[in-house]
1. If we keep just the residues of segment 1-50 that are in contact with a strand residue (DSSP E or B) (Cβ under 6 Å, 6 or more places away or on another chain) and outside any helix (DSSP H, G or I), which is nearest to residue 158 (Cα to Cα)?
2. When you look at residue 87, is it more than 26 Å from residue 109 (Cβ to Cβ) and in a helix (DSSP H, G or I), yes or no?
3. Could you check, for segment 24-41, whether at least one of its residues is loosely packed, with under 14 Cβ neighbours inside 10 Å, in contact with a helix residue (DSSP H, G or I) (Cβ under 9 Å, 6 or more places away or on another chain), modelled with pLDDT of 95 or more and under 21 Å from residue 136 (Cα atoms)?
4. Filter segment 57-70 for residues that are crowded, with 17+ Cβ neighbours inside 10 Å and part of a helix (DSSP H, G or I) and give the result.
5. Only one residue in 120, 136 is in contact with a helix residue (DSSP H, G or I) (Cβ under 9 Å, 6 or more places away or on another chain), over 28 Å from residue 31 (Cα atoms), part of a helix (DSSP H, G or I) and in contact (Cβ under 8 Å) with a residue 24 or more places away in the chain. Which one?
6. Quick check on my filter: what residues within segment 62-80 are touching a residue at least 24 places away in the same chain (Cβ under 8 Å) and under 16 Å from residue 133 (Cα atoms)?
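The values are calculated or read from the model by the stated rules, or taken from the named source; none is laboratory data. As the structure is a computational prediction, the values presented were derived from the model and not from experiment. Virtual Cβ from ideal backbone geometry, glycine too; neighbours counted across all protein chains shown.
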C-alpha cells in the first residue's frame, strides 16, 4: 500500500467531513437569523454524487502512486479553498441558504460569481488525477457539470432580487 496515496485520501476524507460539520453549524445559524433554503430537493443527489466520487477515489486510488505535479495543483486549490471559505465566513454552507442581506463581495467574490463551484469543478478533476484516475476525473466532471447546471440555476434565481437591488 502506498503511504502517499493513503495520506492524500485521508486528507480528502477529513477535509470533507470537517466541511460538513462547518456547513451544518453555519446553516443552523443562518436559519436562526431568518434565512431560508432553496433547492433542497437536489441536495441529496449532490451529496450522493460527492460520496460516490470519494468512494471511487478510495476503491480505485488506494495504493496508486501519487503524481506530484497534480498534487502541487491540488495544493494550490486548497489555498483557494481557504480564501473562499474565509471570505464567506459564517455564510459558507453546502446548501443554498438565502439570507436577505447584501451578498458577499470580498475576496474571490469581487471577481467571479461562483468561485466555490469553480473550485469544486477543478478539485473533482484534479484529485483523481493525483492518483492517475483519468476515468474517475472525466466521469465525475460530467456528473458534476449536470449537478451544477441545476444548482447554479436555482441559486441564481433565488439571488436575482438581491443582485438587482
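1. Checked segment 1-50; the qualifying residue nearest to residue 158 (Cα to Cα) is 38.
2. Details: more than 26 Å from residue 109 (Cβ to Cβ): no; in a helix (DSSP H, G or I): yes.
So residue 87 fails the test.
3. no
4. Correct list: 57, 61, 70.
5. On the way: 120 fails: over 28 Å from residue 31 (Cα atoms).
None of the others qualify; the one that does is 136.
6. 62, 63, 64, 65, 66, 67, 70, 71, 73, 74
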